[in-house]
Amino acid sequence: MKAKNNRDLATLIDVLLKLKTEKALEDFLIGILTPKEIFELSRRLEIVRLLKTGIQHQAIAKKLGVGVATVTRGSRELQRGHFWWVSTK
């Protein structure tokens, strides 16, 4: 990631960490994201959740109506240690 992107990410992280309540986080997300972006983020989290249950990539792609490449990206990030906090429930 480039230096400017690191600063941008650091700024975003700083803002998110300041949001202490579920309502504050909800207000922030609704204010900054479009409904489609919220849907896409939720779907990507669902991909990770399903990957953690052991469902095959093709089955996840079909179930969620996404490309196998999108599922594979989630799998790769999961293997890199990201999404350790995502529950399978």
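The values are calculated or read from the model by the stated rules, or taken from the named source; none is laboratory data. Here the structure is a predicted model, which means the values were calculated and not measured. Note that we place each Cβ from the backbone using ideal geometry, even for glycine, and neighbour counts take in every protein chain shown.
Exactly one residue among Val71, Val86, Val48 is of a type in the set (Val, Ile, Thr) and assigned to a loop (DSSP other than H, G, I, E, B), and that residue is Val86. Note on the range 8-45: residues that are within 26 Å of Arg76 (Cβ to Cβ), surrounded by 11 or more Cβ atoms within 10 Å (Cβ to Cβ) and not aromatic (Phe, Trp, Tyr) amount to 13.
Exactly one residue out of Thr70, Thr21, Thr34 is under 14 Å from the mean Cα position of the chain (by Cα) and modelled with pLDDT of 95 or more, and it is Thr70. Checked against (1) surrounded by 12 or more Cβ atoms within 10 Å (Cβ to Cβ); (2) outside any helix (DSSP H, G or I), Ile60 meets all criteria but (2).
Looking across the range 46-55, just one residue is exposed (fewer than 14 other Cβ atoms within 10 Å of the Cβ) and either touching a strand residue (DSSP E or B) at 6+ places or on another chain (Cβ under 7 Å) or in contact (Cβ under 8 Å) with a residue 12 or more places away in the chain (or both), and that is Thr53.
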